[in-house]
Amino acid sequence: LLSSFSFYAYQMVYAPNFMVDGENRILVIKQDETFKSLQNKLFDAEYVHDLVSFSFLAKLMNFDKAIKPGRYTIKANSNNVDVIRMLRLGAQTPVRITFNNIRLKEDLAEKITTNLLLTETEFDTALTEFVAKSDRFTPENIIAMFIPNTYEVYYNISGADLMKRMEF
């Protein structure tokens, strides 16, 4: 009995449990995600092979109380400990924002927020607040701050942080 338990404990920690014989996949954790909804997402989308071992280990490592929203790359054949550590740390995969040929400020929000947690309304609000505090930009020339290029940011970046990123 002891040897069986020891073998299962070893497998729970070190055996591949995520996308066994699959490929790397992206996992998006929303702002209001609960541990239960994350469990359902992992099982329903077939990220995890043994949900019981993942859930048990996640609770032992206090991940159930420390869920961080973001966009994560789950590598194929990952074990529970590696995935839980990555999710607890919030070690996200950066999102690429690419925009070009934007002439109007109104077109900017849609292009920039496509792959972000940030909504178009939140972006517009952050842009308005940034212009109000800025001594270099006005509503007429703010579009000049957004130089066409590809930028890497995190999925859950705030509007204010995005404005700081674009400013420099």
In the range 56-114, anything assigned to a helix (DSSP H, G or I), open to solvent by 30 Å² or more (accessible area, probe 1.4 Å) and in contact (Cβ under 8 Å) with a residue 40 or more places away in the chain is listed as 56
Looking for something open to solvent by 60 Å² or more (accessible area, probe 1.4 Å) and under 24 Å from residue 71 (Cα atoms) - is there at least one such residue anywhere in the range 125-142?
yes
Taking the range 13-39 and keeping residues open to solvent by less than 30 Å² (accessible area, probe 1.4 Å) and part of a helix (DSSP H, G or I) leaves 35, 38, 39
Counting only residues in the range 143-168 that are in a strand (DSSP E or B) and in contact with a Lys or Arg (Cβ under 8 Å, 6 or more places away or on another chain), the one least open to solvent (accessible area, probe 1.4 Å) is identified as 153
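The values are calculated or read from the model by the stated rules, or taken from the named source; none is laboratory data. Owing to the predicted nature of the structure, the values given are computational and were not obtained by experimental measurement. Note: ideal-geometry Cβ built from the backbone for every residue, glycine included; neighbour counts use all protein chains shown. With ligands, DNA and RNA removed, areas are computed over all heavy atoms of the protein, side chains included. Shrake-Rupley method; radii C 1.70, N 1.55, O 1.52, S 1.80 Å.
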